Amino acid sequence: MSSVCASASQLWIVGDNGTILQSADGGENWQPKTSGTERNLSSVYASGSQIWTVGDDGIVLHSTDGGLNWQPQTIEVRVNLRSVYGSGLQVWAVGESGTVLHSVDGGERWQLQTSGTTQTLTAICGDGAQLWTVGTDFTILYSADGGLNWQRQTRSAAPHLLAVFRVGSQLWTVGYGGAILHSADGGRTWQRQSLPSG
């Protein structure tokens, strides 16, 4: 399994070979859902009854009914997508070769945004129009305008980064080799945090 998310009392997990699982009881029981694809799915995002999942070869699936039915959405790139994030009807997906895709209508139409990097982007999070995405080769990018413009934030001594999470102005990103980086100022500066010994 590659990704999990929650919306209200529902939990969603996606994984290889088009796997989608849903739980309505906090994970005590899981029900498989028909995705209609055999491609590997790498990330899932839910907001109410709206759910998106992305994966290999540019696959984007969308459900408007809480995961009962899934429909593929059309995009113009065929790179592996690694992460999806949304805010209302705005949705972003990131992946290989610095790919950033943006939709303003719940995924009906997608547009490529210019990230300024060719690194693989592995995760994205945000707060309204503010977005952060991380990836390989210490990549940390920030956008203040919904992804129209991206700026590289302070490079820290860390391996490939795999996930990013935000609470207010604080951010954390983690990666290979036990890397944990923390920012208390919206990503302008980053400090490495230590793992417990033993």
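Checking the stated criteria, Arg78 turns out not to satisfy the condition of being more than 24 Å from Val14 (Cα to Cα), surrounded by fewer than 19 Cβ atoms within 10 Å (Cβ to Cβ) and basic (Lys, Arg).
Of all residues in the stretch 175-198, those that are at pLDDT 95 or above and closer than 23 Å to Leu81 by Cα total 0. Taking the criterion of being more than 19 Å from Asn80 (Cβ to Cβ), aliphatic (A, V, I, L, M) and outside any strand (DSSP E or B), the residues of the stretch 1-24 that qualify are Ala8, Ala24. Scanning the stretch 81-116 for residues that are assigned to a loop (DSSP other than H, G, I, E, B) and free of Cβ contacts under 8 Å to residues at least 40 places away in the same chain yields a total of 9. Among the candidates Thr53, Thr37, the residue that is touching a Leu at 6+ places or on another chain (Cβ under 6 Å), more than 20 Å from Asn149 (Cα to Cα) and hydroxyl-bearing (Ser, Thr, Tyr) is uniquely Thr53.
Residues that are surrounded by 14 or more Cβ atoms within 10 Å (Cβ to Cβ), touching a helix residue (DSSP H, G or I) at 6+ places or on another chain (Cβ under 9 Å), at pLDDT 95 or above and outside any strand (DSSP E or B) are absent from the stretch 42-53 altogether.
Of all residues in the stretch 8-19, those satisfying the criterion of being over 12 Å from Gly55 (Cα atoms) and either buried (at least 17 other Cβ atoms within 10 Å of the Cβ) or touching a Leu at 6+ places or on another chain (Cβ under 8 Å) (or both) are Gln10, Leu11, Trp12, Ile13. Restricting the stretch 3-22 to residues that are among the hydroxyl-bearing types (Ser, Thr, Tyr) and modelled with pLDDT of 95 or more, the residue that is nearest to the chain's Cα centre (by Cα) is Ser3. Tell me yes or no: at least one residue of the stretch 25-41 is hydroxyl-bearing (Ser, Thr, Tyr) and part of a strand (DSSP E or B). Checked the stretch 25-41: no residue is hydroxyl-bearing (Ser, Thr, Tyr) and part of a strand (DSSP E or B). Taken residue by residue, the stretch 170-183 has no member that is within 21 Å of Ser103 (Cα to Cα) and surrounded by 13 or more Cβ atoms within 10 Å (Cβ to Cβ). Hey, can you tell me all the residues within the stretch 117-135 that are in a loop (DSSP other than H, G, I, E, B) and either crowded, with 19+ Cβ neighbours inside 10 Å or in contact with a helix residue (DSSP H, G or I) (Cβ under 7 Å, 6 or more places away or on another chain) (or both)? Those that are in a loop (DSSP other than H, G, I, E, B) and either crowded, with 19+ Cβ neighbours inside 10 Å or in contact with a helix residue (DSSP H, G or I) (Cβ under 7 Å, 6 or more places away or on another chain) (or both): Thr117, Thr118, Gln119, Thr120.
Each residue in the stretch 137-157 was checked for being surrounded by 19 or more Cβ atoms within 10 Å (Cβ to Cβ), in contact (Cβ under 8 Å) with a residue 24 or more places away in the chain, part of a loop (DSSP other than H, G, I, E, B) and of a type in the set (Val, Ile, Thr), and 0 pass.
The values are calculated or read from the model by the stated rules, or taken from the named source; none is laboratory data. The model shown is predicted, which means the values in this text are computed figures rather than measured ones. Positions of Cβ are generated from backbone atoms using ideal geometry, with glycine treated the same way; all protein chains shown enter the neighbour counts.
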